[in-house]
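Reading through the structure tokens given below for one structure.
The values are calculated or read from the model by the stated rules, or taken from the named source; none is laboratory data. None of the values given here were measured: they were computed from a predicted structure. Every residue, glycine as well, gets a Cβ built from its backbone with ideal geometry; the counts of neighbours run over all protein chains shown. Each accessible area value is taken on the protein alone, full model and side chains, heavy atoms only, with ligands, DNA and RNA left out. Shrake-Rupley method; radii C 1.70, N 1.55, O 1.52, S 1.80 Å.
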Amino acid sequence: SKFSGQDLSYHDAITNEKYNPYIIEVSAGFNRIFLATMFEHYKTEEIGTADKPDLRTVLSLPVNLAPFKLAILPLMKKDGLGDKAQEIYKTLRKAGLSCDYDESGSIGKRYRRQDENGTLICVCVDYQSLEDGTVTLRHRDTMQQSRTSIEDLIKLG
């Protein structure tokens, strides 16, 4: 309407509303499939409380479309946690798993970043990992956490 100088608004006789309709019309092919997938799976969720509202952006792609199945996240870079996380990451990559490695920022920000990337499971390497060989798993869709052995990570892929 703005550029054509014509009134392109639609009048809905049932609701008596007047609005400008919009349509995203892309060519057939990858663009259409990509946009449909993004519209279906990219969302914002309210995860806070009434006292402390919070939003989480998630790309909840199905398992077979997720770019990364696992993300290896050391709790901190120091005290050998970063080295252990790098070791786990390299082992999983050699086993053919699609995984990511991230050590920048706080663990909470890294979880959020991986949620936005569509990563299915975040693997947190913490101090207990150095003691007993287990890691914390955080699942993208439920945000539930559990522990598993480092050897069992290959089975997740």
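Some observations on this one:
- For residue 27: the one exception among (1) at pLDDT below 85; (2) open to solvent by 100 Å² or more (accessible area, probe 1.4 Å): (2)
- Flag if residue 115 is among the acidic types (Asp, Glu), within 22 Å of residue 37 (Cα to Cα) and either in a loop (DSSP other than H, G, I, E, B) or open to solvent by less than 70 Å² (accessible area, probe 1.4 Å) (or both): yes
- Test: residue 63 is modelled with pLDDT of 85 or more, assigned to a loop (DSSP other than H, G, I, E, B) and aliphatic (A, V, I, L, M): yes
- The residue of region 32-46 that is most open to solvent (accessible area, probe 1.4 Å), among those that are among the charged types (D, E, K, R) and under 17 Å from residue 142 (Cβ atoms), is 46.
- Whenever a residue of region 130-145 is of a type in the set (A, V, I, L, M, F, W, C), its partners that are open to solvent by 20 Å² or more (accessible area, probe 1.4 Å) and part of a loop (DSSP other than H, G, I, E, B), lying with C-beta atoms within less than 9 angstrom and at least six residues away or across chains, give the pairs 130/79; 130/80; 135/126; 137/144; 143/47.
- Of all residues in region 47-60 being in contact with a strand residue (DSSP E or B) (Cβ under 6 Å, 6 or more places away or on another chain) and open to solvent by 50 Å² or more (accessible area, probe 1.4 Å), the one that is modelled with the lowest pLDDT: 47
- Residue 115 under 18 Å from residue 146 (Cβ atoms), within 19 Å of the chain's Cα centre (by Cα) and of a type in the set (Asp, Glu): yes
- Within region 76-94, tally of residues that are touching a strand residue (DSSP E or B) at 6+ places or on another chain (Cβ under 8 Å) and open to solvent by 30 Å² or more (accessible area, probe 1.4 Å): 4
- Being assigned to a helix (DSSP H, G or I) and surrounded by 15 or more Cβ atoms within 10 Å (Cβ to Cβ) holds for only one residue in 153, 97, 137, and it is 153.
- Some residue of region 100-107 being open to solvent by less than 80 Å² (accessible area, probe 1.4 Å), hydrophobic (A, V, I, L, M, F, W, C) and in contact with a strand residue (DSSP E or B) (Cβ under 6 Å, 6 or more places away or on another chain): no
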